[in-house]
Amino acid sequence: MAGPVIYLVRSWPRLSQTFIVNEVVALERRGVEIVLFSMVRSDEDLVQPQVRDVRAQVRYLADETVRGAVGAHLSVLVTSPLRYARALLYALRHPELSEGYATCSTMGCFRFAGHVAAEVLRLGRAGRAPIHLHAHFAHDPALVALLVRRLSGLTFTFTAHARDLYQIPAESYRTRAGEAAAVVTCCDANADYIDTIGADGLAAVRVIHHGVELDQFRPQSRQAGPDHTPMLVSIGRMVEKKGFADLLHALHELVTTGHSFRCRIYGDGPLRGSLTQLRDSLGLTAQVEFPGEQDREGIIEALGEADVFLLTPIVTDDGDRDGIPNVLVEAMACGLPVVATSAGGVGELVQDGVNGYLTEPGNVQGIAKGVASLLASPDVRSEMGGSARRTVEEGYDVNGAARQLEQMFKAAAS
């Protein structure tokens, strides 16, 4: 590429957003220079090891001082006073663009946009003019990107994921997409939703699956003797949309019908305490553990010890849902058969009866039935696990996703 691509994220590095780190690393391997901005720090204790592989230095916009903000905005104002005045007036007139799911006002986003636009100018003067900006998430980051375009003229695209897409007003999405060169999303379910709220003249929507590192997440040999107790594994943030309560109720049904298993549910979040209480009240303390959060190496180890992977997300009353959870792709890359619910885009990855079992969100009996079928037959587990690996190889390789993104950035900048 002739110049760097600016990446803008909400927070960095987030354990639950490993797909963004993987994407940046894969693009850098392809020779794409990344200039990385994060609106805030994640302030998480556990950090993925691949964050160390990111060559780009991250700048945290919320850390900028008032003096730094004034200097950044003055540099943009002096360079393009009319463009700056129009962008400022636009932000002042449209406070509604930060309604719905948001953590930053329109004027707060404008402040951040001034820093990014000033960096665009500085890099240009240094002979390294950025060719494009890509934002992850349709809420705050996409709004900052829109304002950067109005301040600097730089083209932008953004990736819409889950809550950021479904919980902003439709008009806010249309405004962002009306100025973007393209919109990326991770699954057809999201693209179909966008069709219902979109309009003519908006940016084209491209479905690009979040890829995984196929050389890291791969099948491991499992030698199970006749007395082997199958290990079930689930991983995710302990929030409502992950449906862990339904999973625990399904496991209770399996115990009451005489099935033997062990289960580890990895992750943390606001519902961990209530889920622990539910486990105990259902009499599952002997079967179910909550080992906590894990980084990539811990997840790979956990998946290597598993016989079946479980993920049972739902759509919450306020519309929050998953797209295609990355951990589900990682488990299938490790050759694990899965039992999952069809919330969001999960049904695009899991083929019922082929690489796992799929049921409707909230269907406790359906979840239990799928798990029981896999517990009963090591041969079915092996066959479905092989199919799961092939599914990921064919459509969820991180390097293939990076290639598609690079091509999109070039097209947007031309």
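The values are calculated or read from the model by the stated rules, or taken from the named source; none is laboratory data. All values derive from a computational prediction rather than experimental measurement. Positions of Cβ are backbone-derived with ideal geometry, glycine not excepted, and every protein chain shown enters the neighbour counts. Remember, those area values only see protein heavy atoms, side chains included, never the ligands or the DNA or RNA. Shrake-Rupley method; radii C 1.70, N 1.55, O 1.52, S 1.80 Å.
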Exercise for review: Quick one: among 284, 328, 89, which has the greatest mean-square fluctuation in a GNM of the chain with alpha-carbon springs under 10 angstrom?
Suggested key: 89
Revision key, fill the gap. With 0.36 nm assigned to each residue of separation and the Cα-Cα distance removed, residue 192 to residue 393 gains 69.9 nm
Practice item. Express the Stokes-Einstein translational diffusion coefficient of the stretch 294-414 in µm² s⁻¹, to the nearest whole number, given a Kirkwood radius over alpha-carbon pairs, 4 °C and a viscosity of 1.567 mPa s. Key: 85 µm²/s
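When a/c reaches 1.5 or more, the comparison of a/b and b/c decides; with that in mind, is the stretch 238-352 rounded, prolate or oblate per its Cα gyration tensor? Each step should come with its number before you reach the end.
Details: a/c = 1.35, a/b = 1.14, b/c = 1.19.
The shape class here is rounded.
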**Study point:** Solvent exposure, largest accessible area first (probe 1.4 Å, DNA, RNA and ligands not counted), of 369, 242, 410
**Key:** 369, 410, 242
Check your understanding: For residue 301 and residue 69, what does the FRET efficiency come to when R0 = 60 Å and r is the distance between their Cβ atoms, rounded to the nearest 0.05?
Key -> 0.85
Check your understanding: Taking H as built 1.01 Å from N, whose amide H comes closer than 5 Å to the amide H of residue 156, not counting residues under 5 places away?
Key -> 133, 181
Check your understanding: Residue-wise, which Karplus ³J(HN,Hα) couplings in Hz belong to the stretch 96-107, taking 6.51 cos²θ - 1.76 cosθ + 1.60, θ = phi - 60°, and x for glycine or proline?
Key -> 5, 5, 10, 6, x, 5, 6, 10, 9, 6, 4, 5
**Study point:** Cα extents of the stretch 1-154 along the three principal axes, largest first (Å)
**Key:** 44, 38, 26
Review point. Near the amide H of residue 357, under 5 Å away, which other amide H atoms are found, from residues 5 or more places off or on another chain, if H is placed in the peptide plane?
Key: 338, 339, 340
Check your understanding: Could the peptides 62-75, 267-280 be put in order, highest first, of the mean number of other beta-carbon atoms found within 10 Å of their residues?
Key -> 267-280, 62-75
Point to revise | Pair residue 2, residue 78: separation of 7 Å Cα→Cβ label points (nm) | key: 2.7 nm
Practice item. Quick one: grab the alpha carbon gyration tensor of the stretch 128-213, order the square roots of its eigenvalues as a ≥ b ≥ c, and give me rounded if a/c is under 1.5, else prolate or oblate depending on whether a/b is larger than b/c. Key: oblate
Practice item. Apply the Karplus parameterisation 6.51 cos²θ - 1.76 cosθ + 1.60, with θ equal to phi minus 60°, to every residue of the stretch 282-293 and state each ³J(HN,Hα) to the nearest whole Hz, in sequence, with x for glycine and proline. Key: 8, x, 9, 5, 7, 9, 10, 10, 10, x, x, 6
Check your understanding: Can you tell which of 353, 127, 370 shows the greatest fluctuation in a Gaussian network model of the chain with Cα springs below 10 Å?
Key -> 127
Point to revise | Enclosed volume per residue, in Å³, of the convex hull spanned by Cα atoms of the chain | key: 134 Å³
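What's the FRET efficiency of residue 96 with residue 410 using the Cβ-Cβ distance as r and R₀ = 41 Å, to the nearest 0.05?
0.75
Of the peptides 295-306, 44-55, how do they stack up when ordered by the mean number of other Cβ atoms within 10 Å, highest first?
Values: 295-306: 17.7, 44-55: 13.7.
The most tightly packed comes first, giving 295-306, 44-55.
What share of the DSSP beta bridges in the chain is antiparallel, in percent to the nearest 5?
Details: 0 of 45 bridges.
Counting only bridges with both partners in the chain, antiparallel ones make up about 0 percent.
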Practice item. As a check on your grasp of the helix formula, calculate [θ] at 222 nm for the chain: sum -39500 (n - 2.57) over DSSP H runs of n ≥ 4, divide by the residue count, round to the nearest 500. Key: -14000 deg cm²/dmol
Review point. How would you classify the stretch 24-76 from its alpha-carbon gyration tensor, with a ≥ b ≥ c the square roots of the eigenvalues: rounded for a/c under 1.5, else prolate if a/b is greater than b/c, otherwise oblate?
Key: oblate
Exercise for review: At 7 Å along the Cα-to-beta-carbon direction for both residue 105 and residue 86, put a label point, then send me their distance in nm to one decimal.
Suggested key: 2.5 nm
Point to revise | Vicinal HN-Hα couplings computed from phi for the stretch 320-335 (Karplus, 6.51 cos²θ - 1.76 cosθ + 1.60; Hz; Gly/Pro x) | key: 5, 6, 8, x, 10, x, 4, 5, 5, 5, 4, 5, 5, 4, 7, x
Point to revise | Dipole magnitude of the chain about its Cα centre (Cβ charges: Lys, Arg +1; Asp, Glu -1), debye to nearest 20 | key: 1720 debye
Review point. What is the set of long-range amide H partners of residue 7 at a cut-off below 5 Å, with H atoms built 1.01 Å from backbone N?
Key: 35, 36, 37, 134
**Study point:** Residue among 358, 345, 238 farthest towards the positive dipole end of the stretch 218-372, charges placed on Cβ
**Key:** 358
Check your understanding: Between residue 28 and residue 256, 0.36 nm times their residue separation minus their Cα-Cα distance comes to what?
Key -> 76.9 nm
Revision key, fill the gap. Under the 7 Å Cα-to-Cβ spin-label approximation, residue 41 and residue 174 lie apart by a distance in nanometres of 4.1 nm
Review point. Calculated FRET efficiency, residue 60 and residue 229, Cβ-Cβ r, R0 45 Å, to nearest 0.05?
Key: 0.45
